[in-house]
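Notes to accompany the following structure.
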Amino acid sequence: MNASIREVRTSATGPVLSVRDLHTWFELRQWGFLRVGSVRAVDGVNFDLKAGEAVAFVGESGCGKSSLARTLLGLHQPTRGEVIFEGRSLGTLNAAERKAYLARVGYVQQDPYGALPPFMDVRRILHEPLIVHGVRSRAERDKRARAALEEVRLSPPEDFLSKFPHMLSGGQQQRVVIARALILRPAMIIADEPVSMLDASVRVEILQLLRSIQTDHGLTLAFITHDLSTVRHFAERIFVMYAGRIVEQAEVNELLNHPQHPYTQALLAAISDPDADNAHQQREVPPGEPPSLLKPPAGCRFHPRCNRMIAGTCDREYPPDLEPRSGHGTACWLYR
Amino acid sequence: MAGEPLLRVEDLKLHYRSGRGVVRALDGVSFDVRRNEALVVLGESGCGKSTLAKALMRLLPRNIAHFSGRMLVDGVETMGHSEERFRREVRWVRISLVMQAAMNALNPVVRVGQQVAEPLRVHRGWSNRRALDRAAEVFALVGVSADFLQRYPFELSGGMRQRVVLAMALVTEPDLVIMDEPTSALDVLTQASIMNALKRIKQELGTSFILITHDVSTSSELAERVALMYAGQLVELADAKDFFREPAHPYSKLLMASVPRLHQEEKPVHIPGQPPNLLDPPEGCRFAERCPSRFGRCDRDPETFRIGERRTVRCWLHAEGTRT
Ligand SMILES: Nc1ncnc2c1ncn2[C@@H]1O[C@H](COP(=O)(O)OP(=O)(O)OP(=O)(O)O)[C@@H](O)[C@H]1O
Ligand SMILES: Nc1ncnc2c1ncn2[C@@H]1O[C@H](COP(=O)(O)OP(=O)(O)OP(=O)(O)O)[C@@H](O)[C@H]1O
Ligand SMILES: [Mg+2]
Ligand SMILES: [Mg+2]
């Protein structure tokens, strides 16, 4: 993994986003003042995104995916480490630069049903970010709102501009959320579980839409999901997260065909393709549940559930990032 | 009573009154469930799946416009039962339900063991001790350690709370358990582990299941029979092996093609358009507007045709089959 990071750095295009040793801990207090401990939601994350690539972050509920996304957007202050966008560390930006950054990075937040303000019509929802970012001309704002609606295939735009969120289906609402994320013409989009609340058939449609917008405009797309069965069609690279850390990363087919980390292997083994034989066999599932991020286990976070745990090693020290196959990184002692 | 299915439902309808008219949420549904059989009910959001669950349990909201059909349990017609008799003989006794999002509806101030034991105390007059012992047994069955009996819902993860509500549905040893989206909000590993528990329970206790979900892949972990709903009606009913391998109704075909598969090169397709409004569904086939195989006859409401022994399809394309 380290080798590939250096390679990306020196390549002609360079990463659009680099994340180094990133930690986002939330302080947990009782009665408002008594410090109980820290929730280590993001706990030592490193990666690079190349301009124009689509990547997916996968992992179970509570493993820190949204916290990571929100830290990338500057909505959480990292406890340690840095986020470097187009060569500049977010921590060094002043207020005006920070605002400019938020215009460069579009955000599709988790939970589409809560994402749109119920009292605004679609026109107002789409005008709002333009107003905030200083587009004064109403005609210009309207033009861009229409273009964004066309982009997400809500056409003709007139049919949608004066609608309120409750008048739209879940899939249409999600398109409006995407249109809003696109309206400032960002270089990168971070989409947090953009489809998990939607029906399967609509899901595929929205993912295809995101992917085609991404390729048409050469955007960088980071999407967060816990659905591994869709990622191969909508991302080029996958990062697998467990308890606040990235445990494995590789190009999509490489990762799906040759998972290295026992956690990734367990995830893939638990996914069913529809087949009547499934009903007649027990699936292998690792015991237990993901650890508390307040007091994560020593060593590898997965070791208490791992069937290949090496006593004295995995339960002592966190594994280093290793590269058991070319371009395929994992943090697991099995590959030392 | 050999040969009688455990549950037989014929032409079941449940319509709601609403400010804008009558919502025909469940509009003439027929199927059987045999002993120790698992039927999966699939369909997209709003097609009437939860309404079906409510109708079977006769847990009806106030704004009912119409409720009719036949429902036979072990061959005994129950639609004519008074509420009192239905409660005494059917609901929670023969048939129980895990409601959609039930894991978020646990009583926050009562220990989960007490919540699971409650039906035994209330309906059977068991002592607290005896009911709690039984609750501990059911906890073991669904994969919750007995230590958790003393815990409050907020002390449990989502997966554990879902197992607790499952235990509540099983504690009275019903013949049939209806589960409405029991794992949709959970992670894949938790899902897989709960599906493992259900398979074990089915095998060990001989329980029958109706699993309601929009997740085709996960449904295959339990399904022996599949019923696909569209806009308040059943469009196809078949053995799981036939349905998953060779769906017959055009909607079934599109649905199966829209399911993303881990090891499949082709992209999943999406089904264009939207389901009809149940306030005013079309006269003819309800899927016609989105159907790639639509033809002249589809302006008329299709009959349900039987193909082979075990499959029925509500579609004119299959008019060579026998009428049901
Ligand atoms: N603002 C916050 N304050 C305190 N704790 C937080 C905060 N935000 C998140 N957490 C905690 O951090 C951990 C990671 O949460 P996060 O929302 O990042 O997970 P996630 O991977 O996005 O989960 P999901 O798949 O359920 O969305 C959780 O234990 C969560 O409770
Ligand atoms: N109490 C009610 N009064 C009026 N209309 C209702 C009521 N409950 C449900 N409906 C309507 O009936 C239709 C079917 O709803 P139902 O909840 O059965 O769908 P579902 O298939 O379970 O959907 P989901 O997958 O989203 O849970 C919908 O159009 C819904 O809006
Ligand atoms: Mg999240
Ligand atoms: Mg429902």
*Nearest-ten-degree value, helix B:112-124 long axis tilted from longest Cα axis of chain B*: 90 degrees
*Averaged over peptide A:279-290, how many Cβ atoms belonging to another chain are found within 10 Å of each residue's Cβ?*
6
*Surface/4 estimate of mean projected area, convex hull on alpha-carbon atoms of region A:69-172, nm²*: 7.9 nm²
*Those lysines that a straight Cα-Cα span of less than 25 Å connects to residue A:99, excepting residues fewer than 8 apart in one chain*: A:50, A:65, A:143
*Relative contact order of region A:181-336: what whole-number percent is it, with Cα pairs under 8 angstrom and at least 6 residues apart?*
18 percent
*For region B:1-100, the fraction of alpha-carbon pairs in successive 10 Å shells from zero, as %*: 14, 48, 32, 6, 0
*Taking N as its residue count, the alpha carbon Rg of chain B over 2.2 N^0.38 Å*: 1.03
*Once the Cα atoms of helix B:188-205 and of chain B are each reduced to a long axis, what angle between those two axes, in degrees from 0 to 90 to the nearest 10, is obtained?*
80 degrees
_residue B:127 - accessible surface, heavy atoms, 1.4 Å probe, Å² rounded to 10_ = 60 Å²
*asked:* Could you work out [θ]222 nm for chain B from helices alone, using -39500 (n - 2.57) per DSSP H run of at least four and dividing by all its residues? Round to the nearest 500 deg cm²/dmol.
replied: -8500 deg cm²/dmol
*If all Cα-Cα distances of region B:205-324 are sorted into 10 Å bins from 0 onward, what percent lands in each bin, rounded to whole numbers?*
12, 42, 34, 10, 1
*asked:* Please list 3J(HN,Hα) in residue order for region B:87-95, calculated via the Karplus relation 6.51 cos²θ - 1.76 cosθ + 1.60 where θ = phi - 60°; whole Hz, with x for glycine and proline.
replied: 5, 6, 9, 10, 5, 6, 9, 8, 10
*Kirkwood-based Rg over Rh for region A:248-336 (C-alpha set), two decimals?*
1.01
*Once you have a ≥ b ≥ c as the square roots of the Cα gyration tensor eigenvalues for region B:134-187, tell me rounded if a/c is under 1.5, and otherwise prolate or oblate according to whether a/b is larger than b/c.*
oblate
*Which whole DSSP H helices in chain A pass both tests: a Cα extent of 15 Å or more along the axis and a mean Kyte-Doolittle value no lower than -1.0?*
A:122-132, A:170-182, A:200-217
*Residue mean of other protein chain beta carbons inside 10 Å, B:255-261*: 6
*Could you tell me, in Å, what Rg and Dmax come out for the Cα atoms of region A:5-242?*
18.2, 55
*Going by the alpha-carbon gyration tensor, a ≥ b ≥ c the square roots of its eigenvalues, is region A:195-253 rounded (a/c under 1.5) or, if a/c is not under 1.5, prolate (a/b greater than b/c) versus oblate?*
oblate
_Compute the distance from the alpha-carbon center of region A:26-84 to that of region A:138-169, in whole Å._
33 Å
*So, with +1 on the Cβ of K and R and -1 on the Cβ of D and E, and no other charges, what is the size of the charge dipole of region A:5-242 about its Cα centre, to the nearest 20 debye?*
620 debye
*Treating the angle as unsigned and between 0 and 90°, give the value, to the nearest 10°, between the Cα long axis of helix B:158-170 and the longest Cα principal axis of chain B.*
90 degrees
*asked:* Counting only helical runs of four or more DSSP H residues, what would the 222 nm mean residue ellipticity of chain A come to if each run contributes -39,500 (n - 2.57) and the total is spread over all its residues?
replied: -9500 deg cm²/dmol
_Alpha carbon centroid spacing (whole Å) that separates region B:239-261 from region B:12-28_ = 28 Å
*Farthest toward the dipole's positive end in the protein assembly as shown, which of B:146, A:233, A:131, given Cβ charges of +1 (Lys, Arg) and -1 (Asp, Glu) about the Cα centre?*
A:131
*In chain B, what is the count of Lys pairs whose alpha carbons are under 26 Å apart, counting only pairs at least 8 residues apart or on separate chains?*
14
_Separation between Cα centres of region B:50-69 and region B:193-231, rounded to whole Å_ = 22 Å
_Solvent exposure ordering (accessible area, 1.4 Å, most first) of B:132, A:161_ = B:132, A:161
*So what is the diffusion coefficient of region B:262-324 in µm² per second by Stokes-Einstein at 20 °C and 1.002 mPa s, using a Kirkwood Rh over Cα pairs?*
157 µm²/s
_Principal axis dimensions, largest first and in whole angstrom, of the protein assembly as shown by Cα_ = 77, 63, 48
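The values are calculated or read from the model by the stated rules, or taken from the named source; none is laboratory data. Nothing here was measured: the structure is a model prediction, and the numbers come from that model. Don't worry about glycine lacking a Cβ; one is built from the backbone with ideal geometry, like all the others, and counts go over all protein chains shown. For accessibility, only protein heavy atoms count, side chains too; no ligands or nucleic acids. Shrake-Rupley method; radii C 1.70, N 1.55, O 1.52, S 1.80 Å.
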